[in-house]
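Any read-out appearing in this document is the output of simple, stated calculations on the displayed coordinates, not a laboratory observation. Just so we're clear, the structure is a prediction, and the values are computed from it rather than from any experiment. Cβ placement follows ideal geometry from the backbone for every residue including glycine, while neighbour counts extend to all protein chains displayed.
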Amino acid sequence: MSMATEHSGGTGERYERRDADVRMLLKFAFWLFVILVAVLISMKWIFFYYSRVQPLGPPASPFEQARVLPPQPRLQVAPRTDLKKYCEAQQQELSNYGWLDAHNGVVRIPVDRAMDLVLERGLPARPAENSPAGAAPAAAGAATPGAPDVAGLQGPCGYVLEPAPRPAPAEKER
């Protein structure tokens, strides 16, 4: 008895009549092995090359105490607190005396005191013959448009710091 089965109505074969080519499979396996070995050797050489050219340095330790800050510009952790400290330092600088250049005798005085000195001594003026043609002298005490409000603070510190309290106007005696 034969193991082959006959199919009714069909003439096409449904299985392979010959075996796989062992020689071609061995050739494929050989070249696959050669390529894998070449890739591994080239990877080892590249890792060795980069370890010489670009050393990584000591490994990072979670117990290291020194905190390395990133390069500028840095993000602020607490911008409102930083702005408040900045505005307080600016206000302190504007309201106190200090040396700008002690060697040359240049000092910083409070803004209120500087305004009082300008009122007492006046501003330096050019002689009329040196003024440019068509220039009209400005009236004393004229406000310039866009000038900062003396009563309150403007700029980024206007809403952070509270303005200094103004003295109550003195009542006129009769």
message = Report the Cα centroid-to-centroid distance between the stretch 11-30 and the stretch 71-131 in angstrom, as an integer.
response = 93 Å
task = Using only the Cα atoms of the stretch 79-122, construct the convex hull and provide its projected area averaged over every direction, in square nanometres to one decimal.
result = 4.1 nm²
ask   = Assuming R0 = 41 Å, what is the FRET efficiency of Glu93 and Val68, from their Cβ-Cβ distance, to the nearest 0.05?
value = 0.80
